[in-house]
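What follows is calculated from the coordinates using simple rules that are stated; it is not laboratory data. Predicted model, so just to flag it, every value in this text is computed and none were measured. Please note: Cβ atoms are built from the backbone with ideal geometry, for glycine as well, and neighbour counts cover all protein chains shown.
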């Protein structure tokens, strides 16, 4: 384990430590740097909340698709070509005028990667994780989302291998927009449930 | 383990820091850690539950001080050491090739459909989350222990984290979406119609 001791003695700056770790793993034939490039590129350029926005827009214009999405979101999402890790078992939950859904992972950072990409820092932060379950309405107010007292708030704590995506309400005044125009309105935050979609 | 990671219901963690137009990775090294982590996971020396437990073993002060990807870096170094991955001669083929990475790895989890495993509960049933305090890994958060809720749906069969994390077998069993009223969890300060749903394994539940 000579190498393990070597990389423990490099400076604690994470950038340098990662560089040392990568060199060591490549030298040992364990990791292929080209594979690392591909993995980074996937999340920087291919997988992200635009995928989820297309799913939501499709659900808004196609009631049969919405039913499939609510029945098995992983399968319905795969119809649009989005598959992969952290999306194998996905549940879609629908906002209505009477019900507002909010997604959190209090224990760490569970998030539906194929439809939303990697989670933003705030989603993984102690502030959000601790308070989303005990004070969801306060959290929502911090995001500028004000709910009426009689709306039902449902918080989904992703404690197992199920991943959640919120189908936000389609905003009024969007009747004449096509699917692509609708998708452009749908934000990551609306699909986590911290904001509503604005027309 | 009743660690710092189990923070649901804690207070005084400050306002939520929101960053407009946040990049996927803030620094190049974060992306490299993400990708190294995925490549090492593909070695199958450890499973997702063991990985999570390793994060939970970080001392609380360090856990809070480190950024998300610093934690990942730290535990990957520890897992490499723990599982002796760096021992021995260089490997001829890497754990993950560029082609496999491009193929997005397919579905990483086995199917949750398994008629061989009998569910102990069904939708509509009243249940109580058991009051357990294991020193090892668990996915039953403290804030739900001892609380009563209603099974909303059966998600099918999954490996049990409390044994899988310690390489004591998958002990596959049903996982349910359980609805807890916010008042049951937090008392009168919560509105009566609000709720929190948790996904809980059979072994975490008893009849209420």
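When chain B is treated as a Gaussian network with alpha carbon springs shorter than 10 Å, the biggest mean-square fluctuation among B:159, B:50, B:38 belongs to B:38.
For chain B, the spread of Cα positions along the three principal axes, ordered from largest to smallest, is 57, 47, 33 Å. This ranking places A:110, A:105 by how few other beta-carbon atoms lie within 10 Å of each, fewest first, which gives A:105, A:110. Remark: B:36, B:135, B:48 ranked as B:135, B:48, B:36, counting other beta-carbon atoms within 10 Å and listing the fewest first.
The length gained by stretching the chain between residue B:12 and residue B:67 to full extension, at 0.36 nm per residue less their Cα-Cα distance, is 17.9 nm.
Using only Cα coordinates, the Kirkwood hydrodynamic radius of region B:139-192 works out to 12.9 Å. At 37 °C and 0.692 mPa s, what whole-number value in µm²/s does Stokes-Einstein give for the translational diffusion of the protein assembly as shown, with Rh from the Kirkwood sum over Cα pairs? The Stokes-Einstein estimate is 148 µm²/s.
Computed from Cα positions, the angle between helix A:14-27 and the longest principal axis of chain A comes to roughly 70 degrees. With a simple spin-label model that places each label point 7 Å from the Cα along the Cα-to-Cβ direction, the separation between residue B:2 and residue B:19 comes to 3.4 nm. Note on residue B:132 and residue A:61: with the Förster distance fixed at 41 Å, the Cβ-Cβ geometry gives a FRET efficiency of about 0.30.
Sketch the reach of a paramagnetic label on residue B:44 as a point 7 Å from Cα along Cα-to-Cβ, and name the residues of region B:147-175 whose backbone nitrogen lies under 18 Å away. Taking a point 7 Å out along Cα→Cβ of residue B:44, the residues of region B:147-175 whose backbone N falls under 18 Å are B:159-160, B:164-172. One compactness figure for region A:54-199 is 0.99, namely its Cα radius of gyration divided by 2.2 N^0.38 Å. Look at the stretch B:44-52: the mean tally of other chain Cβ atoms within 10 Å of its residues' Cβ atoms is 1.
Compute the acute angle (0 to 90°) between the alpha-carbon long axis of helix B:68-82 and the principal axis of greatest extent of the alpha-carbon atoms of chain B; round to the nearest 10°. With both axes taken from Cα atoms, the answer is about 70 degrees. Enclosing the Cα atoms of region B:28-102 in their convex hull gives a volume equal to 100 cubic angstrom per residue.
Exposure proxy ranking for B:197, A:146, B:83, based on other Cβ atoms within 10 angstrom of each Cβ and starting from the fewest, stands as A:146, B:83, B:197. Counting Cβ atoms of other protein chains within 10 Å of each residue's Cβ and taking the mean over peptide A:18-24 gives 5. With both labels modelled 7 Å from their Cα along Cα-to-Cβ, the residue A:94 to residue B:189 distance reads 3.4 nm. Think of it as helices only: each DSSP H run of n ≥ 4 in the protein assembly as shown is worth -39500 (n - 2.57), and spread over all residues that comes to -10000 deg cm²/dmol at 222 nm.
Taken along its principal axes, the alpha carbon cloud of region B:103-201 reaches lengths of 47, 31, 30 Å, longest axis first. Counted over the protein assembly as shown, the DSSP beta bridges are approximately 55% antiparallel. Averaged over the residues of peptide B:69-75, the number of Cβ atoms from other protein chains lying within 10 Å of each residue's Cβ is 3. The distance linking region B:60-105 with region A:154-176 is 33 Å (Cα centroid to Cα centroid, whole angstrom).
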